[in-house]
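One structure below.
Derivation of every value follows stated rules applied to the coordinates shown; laboratory data play no part. Please read these numbers as outputs of a predicted model, since none were measured by experiment. Please note: Cβ atoms are built from the backbone with ideal geometry, for glycine as well, and neighbour counts cover all protein chains shown.
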Amino acid sequence: MAVIAVIDDEHRQRDILKTILEDEGYEVYTASSAEDGLDLIGKMNPDVVITDLKMGGMSGMQLLEAIPDDSLQPAVIMMTAYGTISSAVEAVKKGAFDYLAKPLEKDVIVLTVKKAAERARLLKENIRLQDELFGKFKMDGIIGGSQKMREVIEIAKKVSPTTVTVLIQGESGTGKELIARALHYNSNRKTAPFVAVNCAAIPDNLIESELFGYEPGAFTGAAHRKVGLFESANGGTLFLDEIGDLPLLTQTKILRVLQDKEIRRLGGKDSVKADVRIIAATNKDLEKEVSHGKFREDLYYRLKVVTIELPPLRERKEDIESFVSFFIERYNKEFGKRIKGINETAKKALMDYHWPGNIRQLEFVIERAVLMSDTDTISLNDIKSELRLPQAKGISGIEIPDEGLDFEELERDLIKQAMLKSNNVAAKAARLLGMSYKTFWYRLEKFGIHASVKEDKLPEKRN
Ligand SMILES: Nc1ncnc2c1ncn2[C@@H]1O[C@H](COP(=O)(O)OP(=O)(O)OP(=O)(O)O)[C@@H](O)[C@H]1O
Ligand SMILES: [Mg+2]
């Protein structure tokens, strides 16, 4: 239940309020002056403060102004005598939640306090959710003990408070979106929206209406006004993911927005201010795209004011262990498991793997292993099916030994197998090996193998 502070220099008034509110189930504290009240607020962190306007010493209004302007600010209800309603209105303008006119009426008190307490609850809930969100994207929550990742985090810390455009480059699954979010949630734009667009996922003919929005009648089918993503991100950050996939024409328009800081909806006459920070990401080599004429050079330079290169996981294998513990913890929580760690053989397999899907793939491997493991330790069995280990043996199933092998021996073996499989019918055997009859026959001769329809056993080599 909510905590309430009642501040009044008249003790009868305090007692009445205390009784009424305690009957409603609130936890109530009282103070007989604004000075003591301020103290009480500091100590008890009440959700709601009910204070008299006129008191000896500091007034209710002064108290309102003295309450620290932080996230724990209580909802303040000002009590005032009939003649001074205008001051109460003034108080509301200065941030009080509401006022109560004296003489107080029980029903009005109860209702007003209830509303104030509800607002305080919502505010707290909001702060809790925000903390959770910001905590998730705290820079120190990003894993990266390796030299390369430390450099990345250094740059990210430096640029996050600015509005500078950032280009994030890296293979798929290296954490581009995570860094983009961290940049946003560690900036003073963090309470404004972070809007992510995957440029590769939107068809070319729709991308501009998505980004810039449109006015009714801009094209057939545009019945209502649509606000574009640039406008939705106003005050915040627009994350243009896979920017390398944007059509050239759209690139031109984005460049213009970056320069003019305003956008125009499709079919619209007026421009709208767009205070948007752009973070772009790509797994393509944009410089190469530029040299192939697929990406505008001027836009490229505009975007890469700051470039963050995310190294592939295989180049920072020293981070694998921390990632493993991090993901084990994440999925223990999610699946209600109690996996403690991973054994040495499994760890070695992870270290030896080349991770084409980078961290996303590692996360997936650990998620599955946590789910599947029957013991409290992940073993090779829990992960090996996910590590599509490269086939050292190739399709022949033969691994070339260090000392080399006799190729003719192999060839002879295959020819023999083909003959056996086709009941010694040479034409069939030739087909099995994808050879012309002539070529095959030549080899039969060379290896001294008979072709015979009668024998069902492979004829021996002629000496
Ligand atoms: N340094 C890191 N610390 C913690 N988690 C990470 C880190 N890097 C990546 N991850 C996690 O790995 C997963 C993949 O990251 P993300 O989606 O950011 O990659 P991406 O580069 O955008 O991939 P894609 O190119 O496939 O879109 C996410 O679950 C992310 O939280
Ligand atoms: Mg991504």
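Things to note:
- Relative contact order (percent, whole number), the range 314-383, Cα cutoff 8 Å, 6+ residue spacing: 42 percent
- Helix 106-136 vs. the chain, principal-axis angle (Cα, 0 to 90°, nearest 10): 30 degrees
- Alpha-carbon gyration tensor eigenvalues x 5, square-rooted, for the range 159-310, Å: 24, 19, 13
- Net charge, His11 excluded, C-beta distance under 12 Å - Lys, Arg +1, Asp, Glu -1: -2
- Averaging the sequence gap over all C-alpha pairs within less than 8 Å and six or more residues apart, then dividing by the number of residues, gives the range 3-132 a relative contact order of 22 percent.
- The alpha-carbon of Lys138 sits under 19 angstrom from the alpha-carbons of these lysines, leaving out residues fewer than 8 places away in its chain: Lys148, Lys157, Lys158, Lys176, Lys190.
- Going from the residue with the fewest nearby Cβ atoms within 10 Å to the one with the most, Thr30, Thr174 rank Thr30, Thr174.
- Relative contact order, percent, the chain [alpha-carbon distance under 8 Å, six or more residues apart]: 10 percent
- Packing-based exposure ordering (other Cβ within 10 Å, fewest first) of Met351, Met58: Met351, Met58
- The angle between the Cα long axis of helix 34-44 and the main principal axis of the chain comes to about 30°, on a 0 to 90 degree scale.
- Helix 320-335 vs. the chain, principal-axis angle (Cα, 0 to 90°, nearest 10): 60 degrees
- Calculated on the alpha-carbon coordinates, the convex hull of the range 3-132 measures out at 96 cubic angstrom per residue.
- Distant-in-sequence amide H partners of Ile168 (H built 1.01 Å from N, under 5 Å): Ala280, Ala281, Thr282, Ile308
- Net charge contributed by nearby residues that have their C-beta within less than 10 Å of Glu262 (K/R +1, D/E -1): +1
- For the range 405-412, Karplus couplings with θ = phi - 60° (6.51, -1.76, 1.60), whole Hz, Gly/Pro x: 9, 8, 5, 4, 4, 5, 4, 4
- Distance from the range 44-115 to the range 253-318 (C-alpha centre basis), Å: 50 Å
- Burial ordering of Leu387, Leu350, Leu414, fewest other beta-carbon atoms within 10 Å first: Leu414, Leu387, Leu350
- D (Stokes-Einstein, µm²/s), Kirkwood Cα radius, the chain, 1.567 mPa s at 4 °C: 44 µm²/s
- Helix-only arithmetic for the chain: the sum of -39500 (n - 2.57) across DSSP H runs with n ≥ 4, divided by the residue total, places the mean residue ellipticity at 222 nm at -13500 deg cm²/dmol.
- Proximal lysines relative to Lys421, as straight alpha-carbon distance under 18 Å, when same-chain residues fewer than 8 apart are discounted: Lys454, Lys457, Lys461
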